[in-house]
Every structure is written in structure tokens, then in C-alpha cells.
Amino acid sequence: MPHLKVQMAGISMDSPLVLASGVLGVTASSMRRVVDHGAGAVTTKSCSIHPRKGHPGPCIIPYEHGMINAVGLSNPGVDAVVNEIRTYRDECQAPIFASVFAGSVEEFGKVTRRIAAGNPDLIEVNVSCPNVQSEFGAPFGASFEDTAAITRIVKKNAGKIPVAMKLTVHCPSIGKMAKVCEDNGADVITAINTVGPGMLIDVGVKRPILSNKMGGVSGAGIFPVALKAVWEIHRNCNLPILATGGVSNGNEAAQMILAGAHAVAIGSAVYNRGVEVFQRVNEELLEVLELHEMERLDDLRGGAHE
Amino acid sequence: MNEQMQTFPVVEVVEHNPTLKTFYFKVKTPVKPGQFVLMWLPGLDEKPFSVSDQKRGRLEITIKAIGPFTKKAMELEPGDRVGLRGPFGRGFEVQDNALIVGAGCGVAPVRFLHETAKRMEVNTTLLIGARNSAEVLFKDQYVDEGATIVTDDGSLGGKGLVPDRVREMLASGSYSTICASGPEVVLVALRNIAKEHNLPVQLSFERYMKCAIGICGQCCLDGSGIRVCVEGPVLTHEELEQVTELGLPHRDATGQRPEKPGICQA
């Protein structure tokens with residue numbers, strides 16, 4: 001019988017589908033519900049050392065080809081997230097990934113040490129959020145030096161917990177960036193974050209809609225951009241890839257795996273297909289395996305590179 | 001109106017009193033009683049509001065000045081444009097012989113339910129509750145119509161609390177369901193009373209929301225993970241069964257649950 005079990009950096013998952021960071025990842029109950037609907041793992045919303053309220057509304061707006069958001073990294077602070085992880089563990093077996101961000105290299109080290117106390121299965125390091133530039137400047141993920149330094153300090157403070165570096169396409173070369181992460185000790189590459197930032201203007205009041213004016217673009221429209229990034233990362237480094245960006249069906253998830261992904265995160269598609277999207281994409285992925293008379297996703301992985 | 005952002009001019013403002021106004025918009029998109037919309041005041045913020053009625057192609061939103069957003073909304077005049085998105089969530093089902101209960105600001109959404117039932121010629125009973133006479137929403141209309149009103153201090157209608165009055169009404173009459181909106185402490189009390197009487201409920205809950213489209217996870221209820229913005233805001237006994245946070249202070253904009261209950265911040 002074909003199955004969807006995968007291994008990534010020593011983490012066993014019943015499905016390659018992961019709840020992407022920033023979506024339904026605030027509370028343990030919410031994440032458990034996503035697992036009940038077929039996700040192989042979940043990712044918490046990015047957290048920082050101190051709680052943040054984020055930007056005022058509007059902060060998430062759907063449009064024709066996806067959505068645009070500038071939530072502003074609202075979160076209850078790393079210690080509260082550790083508590084949510086512990087609650088989740090009591091209720092749910094599926095792996096949980098913890099996303100962290102910070103305003104400096106040193107702070108990345110600190111927040112990693114504190115989140116490690118919750119013993120997540122993976123620490124995902126968000127060096128690529130485009131929505132806090134007025135506060136933090138350009139994302140660290142745009143610079144090879146910054147990304148290398150953050151990778152080193154995070155690895156040092158994460159102990160035995162594997163580390164994923166979450167990259168942006170807005171850098172000189174995402175393939176080379178992934179290699180830099182690999183050379184500095186990362187265990188997984190997550191790619192990509194939202195694209196842009198972009199903007200939407202209301203014609204009636206003649207001003208940008210998002211309170212932050214600009215925000216990261218996600219959803220169906222960015223899928224080809226994310227897919228090409230995953231392809232390029234696979235050619236440039238040997239780390240497993242957690243692919244994310246506009247995936248909304250089994251065909252697109254299979255394309256990510258053919259480009260080299262070990263796991264595929266789903267976020268914005270929850271809007272279009274509901275929480276049930278995970279179960280549906282699982283079924284659609286099994287159909288792809290049947291089409292090729294394959295038993296497991298390992299046989300599909302990287303197949304587009306031959 | 002849909003889930004994407006569009007701005008609409010205010011076409012009429014009715015002032016009930018200086019801190020309570022109803023704003024009218026030309027919106028034909030059908031909204032169900034109990035569903036909500038997001039209102040954007042450009043330059044300030046975007047907040048969820050229930051709809052207090054929709055008829056003849058006009059949508060009504062009744063706002064009480066409580067926090068910075070709602071105080072600013074009091075300045076809106078005909079012609080001013082605000083963003084409206086929605087409708088979001090699952091509303092009330094109109095049911096014959098329902099006991100419809102609105103307490104405090106919760107009168108706004110149940111008013112829409114009650115008016116809809118009247119238009120459909122479905123028989124329902126309305127109970128309105130407030131702290132005092134000045135806080136009774138749509139007071140003139142409900143006094144004219146002879147609706148049952150209770151106030152905590154007895155300054156209008158009967159003196160007493162909404163749950164106590166509901167107990168009395170259930171003892172002397174028979175109803176098919178309780179549909180209610182209001183402070184959570186009232187909703188929890190009504191839920192328990194309804195259970196004792198083996199009555200189904202449709203109760204409308206509030207939580208801090210950012211997206212209203214089921215993405216951000218900010219309004220998920222502990223215990224079940226139900227999203228108030230999508231599966232709610234109107235919830236039944238079955239949906240509330242696993243919820244563990246009823247009556248606790250709501251999670252705030254950060255996602256933390258504060259020690260003390262906050263009052264409506266908008």
C-alpha cells in the first residue's frame with residue numbers, strides 16, 4: 001500500500017504536510033485540530049522574547065490571487081509559546097515546530113535558548129519576515145553574513161533540536177543562501193516566506209489598505225516563485241527542504257517534492273479549502289503515487305532534476 | 001460587499017443617544033442574522049461588528065462608543081467612506097417559537113434575528129436586558145412594541161437579571177430553543193439553564209480577531225480549536241461541549257490570556 005510517511009532531519013511524520021507558520025498556530029487546541037484534519041506536523045506562529053501586539057487592522061486581506069498580510073509578528077512571547085507547546089504535547093503526537101524571530105543576532109540566540117526549553121521537534125528560524133522593516137530594517141535573510149551568524153548562534157543554543165532556516169527569495173541567490181546555512185550547521189531549509197512586500201490601495205479612499213501600507217504576499221499567486229526557489233536550493237545544498245509558498249493541492253505538493261522537498265507546508269490554502277485542506281491534499285498526493293505506481297514519497301523526491 | 005476590501009459611503013446616521021448610533025450603508029450582499037462584518041476606519045484600525053438589520057438593500061450597524069475605535073466611529077457622517085468586508089461566520093437559524101435574548105450590546109445581533117423572524121412571519125419571543133434604562137438598545141422601538149425588558153436596577157421594565165427572567169419564562173412557557181447574544185457570563189448561565197430544560201441553544205460569542213477568514217488562529221477556542229470567526233460566532237451545545245475557556249478572560253492581541261477580564265476594547 002502506498003503511504004505518505006516521511007523523515008526529515010530525523011523527524012518522523014505520517015504526512016509530509018506541515019501547517020505553515022503564521023496560520024492557526026497561536027494555540028495548542030487550534031494546532032491539534034489541524035493535526036486531526038491530516039497535517040503531519042504543525043508550526044507555531046513566530047515568537048519573540050517579549051509579547052507583541054502586532055499592527056492594527058486591516059492586517060490580512062484576501063485578493064484575487066492569494067492574500068497580503070502585515071500582521072506584524074504579534075505573539076504572546078516565547079515563554080507563553082513554550083506553555084502552548086507543552087499543552088499540545090499532552091494532547092497530540094504529531095511533531096511540532098517552533099518558529100522564532102528576533103531583532104539582532106544575539107537576540108536570536110536568546111529566543112532559541114528559551115524556546116528549546118519547550119523541546120519542540122524543530123526550531124524554525126524566521127530571518128525573512130517582510131512586515132517589520134520600519135522596526136528592524138531589511139530582513140536578515142537578505143544578507144549572507146547575517147544569515148550565517150544567526151545560523152551559528154541558533155545551532156549553538158538549540159542543543160540537540162534540529163534547526164531550520166526560513167529563507168526569503170529576496171536575496172542575491174537563495175541557492176547560495178541555503179548553502180551558507182548548510183555550511184554553518186543548519187539541519188533544514190524552509191523556503192520561502194511571503195513575497196514582496198506588496199501593496200493594495202482602496203480606490204474609494206485613495207490610500208493603502210493595510211495599516212502597515214505594505215505586506216507579504218502569499219497564496220496561489222506565489223506558487224511558481226516558491227517552486228523555482230526549492231528547485232534551486234535542491235541543486236545547491238544537501239539539506240532537506242521544507243517547501244512552503246502557495247501550495248493548495250496535491251499536484252502542487254507533488255511538484256514541490258519533485259523539485260526536492262522533503263515536506264510541504266500549507267498556509268493560505270486554509271482560507272480557500274478550509275482546515276480540511278490537509279486531508280484532501282493527502283488524498284491527492286496518494287493519487288500521484290498511484291499514478292506512478294510508487295510506494296512512497298521518497299521515490300518521487302527530486303525526480304524533476306534528472 | 002465580499003471578503004476583499006471595499007469602501008462604502010455612510011448613507012444615513014441615526015443617533016439613539018450621543019454614545020449609541022446606527023449607521024446605514026447601501027449593501028445588497030445578503031447577511032444572515034448573527035453574522036458579522038469587519039469595519040475599517042482608514043488610518044485607524046479594522047474591527048468586527050455584528051449587523052443590527054438589513055432591509056431594502058440597506059445594512060445597519062449599531063455602534064456603542066466604548067474604546068478608541070467606536071468613539072471615532074461616532075464622528076462618522078453621511079458621505080464618509082468606511083471599509084466593509086464580509087459577511088463572516090455562521091449566524092442564527094430562524095426557528096419557530098424561539099426565545100431570543102439580547103443583553104447589553106448583544107441586543108444588536110438578536111435584533112436582526114428578531115426582525116428577520118417577523119418578516120418571515122415566524123413566531124418568536126424577545127427578551128431584552130441591560131444594566132439600566134439608559135443602556136437599553138433600541139429602547140423606543142422595544143417600549144412601543146411592548147417587548148419584555150429587564151434592567152439590573154429596575155429603571156425600565158422588570159427589575160432583575162436576564163438569566164433569572166429566562167428561568168421564569170421557561171417555567172411558565174414552552175420554547176423550541178434559546179438564541180442569545182450578550183456578555184459571556186450571561187451566555188454561560190443561559191447555556192446551563194437550557195441544559196437543565198433540555199433545550200437547544202444558539203449562542204453568539206466574541207473573541208479577539210485579526211483576519212475573520214479563519215487563517216490567523218487568534219480567535220480559536222481552547223479545548224476544541226473551533227474558530228469563532230468561521231465555525232462561530234453562533235455556537236450550539238455540541239460545539240461548546242469541548243470548549244474549556246468559557247467565562248475566562250479572552251486572549252488579547254498578542255495571543256496571551258490576561259489575568260483579569262478585559263472589557264470590549266474596540
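Read-outs: derived from the displayed coordinates by stated rules, not from any lab. Everything quoted here is computed from the prediction, not taken from an experiment. Cβ sites come from the backbone with ideal geometry, for glycine too, and all protein chains shown count toward neighbours.
Restricting to bridges with both residues inside chain A, how much of the DSSP beta-bridge set is antiparallel, in percent to the nearest 5?
On the way: 15 of 41 bridges.
Counting DSSP beta bridges with both partners in chain A, the antiparallel share is about 35 percent.
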Study note, to complete from the structure: If amide H atoms are modeled at 1.01 Å from N in the peptide plane, then the residues at a separation of 5 or more from B:Leu126, or on another chain, having amide H under 5 Å from its own are B:Ile100, B:Thr148
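With a 10 Å Cβ neighbour count serving as the proxy for reagent exposure, in which order, fewest first, do B:Thr7, A:Thr44, A:Thr147 appear?
Fewest to most other Cβ atoms nearby, the residues stand as B:Thr7, A:Thr147, A:Thr44.
Once you order the gyration tensor axes a ≥ b ≥ c over the Cα atoms, which shape class does region A:163-306 get: rounded for a/c under 1.5, otherwise prolate or oblate by comparing a/b with b/c?
Working: a/c = 2.56, a/b = 1.31, b/c = 1.95.
Verdict is oblate for region A:163-306.
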Review point. Taking H as built 1.01 Å from N, whose amide H comes closer than 5 Å to the amide H of B:Gln6, not counting residues under 5 places away?
Key: B:Leu84
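If Lys and Arg each add +1 and Asp and Glu each add -1, what is the summed charge of the other residues whose beta carbon sits under 11 Å from the beta carbon of A:Leu4?
Details: positive: A:Lys5, A:Arg296; negative: A:Asp14, A:Glu283, A:Glu284, A:Glu295, A:Asp298.
Within the 11 Å Cβ shell, the charges total -3.
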Practice item. Ignore the peptide's own chain and count Cβ atoms of other chains within 10 Å of each Cβ in B:221-232; give me the average, rounded. Key: 4
Review point. From the backbone phi of region B:226-234, what are the Karplus-calculated ³J(HN,Hα) couplings (6.51 cos²θ - 1.76 cosθ + 1.60, θ = phi - 60°) in whole Hz, Gly and Pro given as x?
Key: 4, 8, 4, 6, 10, 6, x, x, 8
Review point. Any idea what the dipole of the protein assembly as shown comes to, in debye rounded to 20, about its Cα centre with Lys/Arg Cβ at +1 and Asp/Glu Cβ at -1?
Key: 1160 debye
Check your understanding: In whole Hz, what ³J(HN,Hα) sequence does region B:123-128 give by Karplus (6.51, -1.76, 1.60; θ = phi - 60°), x for Gly and Pro?
Key -> 7, 9, 10, 10, 10, 10
Check your understanding: When you count, for each residue, the other Cβ atoms within 10 Å and take the mean per peptide, how do A:254-264, B:121-131 rank with the highest first?
Key -> A:254-264, B:121-131
Exercise for review: Report the charge-dipole magnitude of region B:1-140 in Debye, nearest 20, computed about the Cα centre from +1 at each Lys and Arg Cβ and -1 at each Asp and Glu Cβ.
Suggested key: 120 debye
Practice item. Sequence neighbours fewer than 8 away in the same chain don't count; with that in mind, list the aspartates and glutamates whose C-alpha is under 16 Å from B:Lys195. Key: B:Asp164, B:Glu168, B:Glu238, B:Glu239, B:Glu241
Revision key, fill the gap. If amide H atoms are modeled at 1.01 Å from N in the peptide plane, then the residues at a separation of 5 or more from A:Lys45, or on another chain, having amide H under 5 Å from its own are A:Gly22, A:Gly25, A:Val26
Review point. Rounded, prolate or oblate: which one fits region A:1-97, using the alpha carbon gyration tensor with axes a ≥ b ≥ c (rounded when a/c is under 1.5, else prolate when a/b beats b/c, else oblate)?
Key: oblate
Practice item. Take chain B, compute every pairwise Cα distance, and split them into 5 Å bins from 0; I just need the percent in each bin. Key: 1, 6, 13, 18, 20, 18, 14, 8, 2, 0, 0
Practice item. Answer with one residue from A:Thr168, B:Gly232, B:Val186: the one whose Cα lies farthest towards the positive end of the charge dipole of the protein assembly as shown, charges on Cβ with Lys, Arg +1 and Asp, Glu -1. Key: A:Thr168
Check your understanding: Taking a ≥ b ≥ c as the square roots of the eigenvalues of the Cα gyration tensor of region B:7-88, is the shape rounded (a/c under 1.5), prolate (a/b larger than b/c) or oblate?
Key -> rounded
Exercise for review: Could you pull out every one of the aspartates and glutamates with an alpha carbon less than 15 Å from that of B:Lys47, ignoring same-chain neighbours closer than 8 positions?
Suggested key: B:Glu3, B:Glu206, B:Asp252
**Study point:** Cα centroid separation - region A:203-233 against region A:260-306, whole Å
**Key:** 23 Å
Review point. Which of the aspartates and glutamates could a cross-linker bridge to A:Lys155, judged by Cα under 17 Å and excluding same-chain residues fewer than eight apart?
Key: A:Glu106, A:Glu107, A:Asp121, A:Glu124, A:Glu145, A:Asp146, A:Glu182, A:Asp183, A:Asp187
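Going from the alpha-carbon gyration tensor of the protein assembly as shown, what semi-axes, largest first and in whole Å, does one get by taking the root of 5 times each eigenvalue?
46, 24, 21
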Review point. In region B:98-204, with Lys and Arg counted as +1 and Asp and Glu as -1 at Cβ, which of these residues, B:Phe112, B:Val201, B:Thr151, has the Cα nearest the positive end of the dipole, that is, farthest along it?
Key: B:Val201
Review point. Could you state the number of Å between the C-alpha centres of region A:25-41 and region B:66-93?
Key: 32 Å
Practice item. From other protein chains only, count the Cβ atoms within 10 Å of every residue's Cβ in A:49-60, then give the mean. Key: 6
Exercise for review: About the Cα centre of region B:7-88, how large is the charge dipole given +1 on each Lys and Arg Cβ and -1 on each Asp and Glu Cβ? Please answer in debye to the nearest 20.
Suggested key: 300 debye
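Got a sec? How would B:Leu99, B:Leu20 order by Cβ neighbour count within 10 Å, fewest to most?
Exposure proxy ranking, most exposed first: B:Leu20, B:Leu99.
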Review point. Given that compact globular proteins tend to follow 2.2 N^0.38 Å, what is the ratio of the alpha-carbon Rg of chain A to that value?
Key: 0.92
Practice item. Report, as an integer, the average count of C-beta atoms from other chains found within 10 Å of each Cβ along A:63-76. Key: 3
Point to revise | Sum of side-chain charges, B:Thr70 neighbourhood, beta-carbon under 9 Å (Lys, Arg +1; Asp, Glu -1) | key: +4
Check your understanding: Taking other Cβ within 10 Å of each residue's Cβ, how do B:Arg119, B:Arg81 sort, fewest first?
Key -> B:Arg119, B:Arg81
Practice item. First select every other residue whose beta carbon is under 11 angstrom from the beta carbon of B:Phe138; then total the charges, Lys and Arg +1, Asp and Glu -1. Key: -4
Study note, to complete from the structure: chain B, Gaussian network, Cα under 10 Å: of B:Asn132, B:Asn97, B:Asn198, the residue fluctuating most is B:Asn198
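Given the -39500 (n - 2.57) contribution per DSSP H run of 4+ residues, what per-residue ellipticity at 222 nm results for the protein assembly as shown, rounded to the nearest 500 deg cm²/dmol?
That comes out to -8500 deg cm²/dmol.
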Check your understanding: Across region A:44-60, in residue order, what do the Karplus-derived ³J(HN,Hα) couplings come to in whole Hz, using 6.51 cos²θ - 1.76 cosθ + 1.60 with θ = phi - 60° and x for Gly and Pro?
Key -> 6, 5, 3, 10, 10, 4, 9, x, 9, 7, x, 7, x, x, x, 10, 9
Point to revise | For region B:97-141 and region B:169-223, distance of Cα centres in Å | key: 15 Å
